[in-house]
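Visitor: Could you have a look at this structure, given as structure tokens, before my questions?
The values are calculated or read from the model by the stated rules, or taken from the named source; none is laboratory data. What you see is a predicted model, and the numbers here were worked out from it, not measured in a lab. Backbone-built Cβ (ideal geometry, glycine too); neighbour counts: all protein chains shown.
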């Protein structure tokens, strides 16, 4: 058997395995948006359902997901199609507001952790606030649009885990099929809505669930 044949066979196997891995990671990403979660609850008078991957009260799961301490946070604004639409029309103000609210919320939660950490290290109030702000600025990334490489990173669990919180805004051009807030796995929160105004309203509802308001300072 020639060396060339062996090399071609080896390359073919590598490509086959690579294709299998990519398909597996992509399938794991798309599975985040399923609708068969074991816990579901409708928020009264809002027309928004809250769902979670664990049995029990899904509102508690949303709360626990956001109050958990993470080393990093990534907020996904939407898909490439939504980005193109926003760039072309400039009609994405409510999506922007939703991103601002949710980023402010996680920033406050993370900032509180690092403020207390700094105080425990002996920093005074002013120095502790600066320390917390610096940490939040470095650790919260809120200006991302979905790319294929990001989908794969999410699918293989590099983003959206117990150390790296992932929040996805999912509107009509992103594949949204109903109005819901859900935790599809540990370290992932999805806000899904049929229009951007409802997406913004869902961000405010998440603030209500956590008891933290960014709109009121």
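Visitor: Output the qualifying pairs, or none if there are none: Cβ atoms under 9 angstrom, residues six or more apart or on different chains, first residue in the range 66-87 and more than 18 Å from residue 140 (Cβ to Cβ), second residue assigned to a strand (DSSP E or B).
Guide: 79/170; 82/169
Visitor: Continuing with the same structure: Quickly run through the range 139-174 and pick out the residues that are out of contact with any strand residue (DSSP E or B) (no Cβ under 8 Å at 6 or more places or on another chain) and over 26 Å from residue 85 (Cα atoms).
Guide: Of everything in the range 139-174, those that are out of contact with any strand residue (DSSP E or B) (no Cβ under 8 Å at 6 or more places or on another chain) and over 26 Å from residue 85 (Cα atoms) turn out to be 156, 157, 161, 162.
Visitor: Report yes if residue 168 is at pLDDT 95 or above and in contact with a helix residue (DSSP H, G or I) (Cβ under 6 Å, 6 or more places away or on another chain), otherwise no.
Guide: no
Visitor: Quick one: residue 158 ticks every box in (1) more than 23 Å from residue 36 (Cα to Cα); (2) free of Cβ contacts under 8 Å to residues at least 60 places away in the same chain; (3) crowded, with 16+ Cβ neighbours inside 10 Å except a single one, so which number is it?
Guide: The number of the failed condition is (3).
Visitor: Only one of these is modelled with pLDDT under 95, more than 23 Å from residue 189 (Cβ to Cβ) and exposed (fewer than 13 other Cβ atoms within 10 Å of the Cβ): 2, 27. Name it.
Guide: Of the residues listed, the single one that is modelled with pLDDT under 95, more than 23 Å from residue 189 (Cβ to Cβ) and exposed (fewer than 13 other Cβ atoms within 10 Å of the Cβ) is 2.
Visitor: Only one residue in 174, 195 is surrounded by fewer than 17 Cβ atoms within 10 Å (Cβ to Cβ), under 19 Å from residue 99 (Cβ atoms) and touching a residue at least 12 places away in the same chain (Cβ under 8 Å). Which one?
Guide: 195
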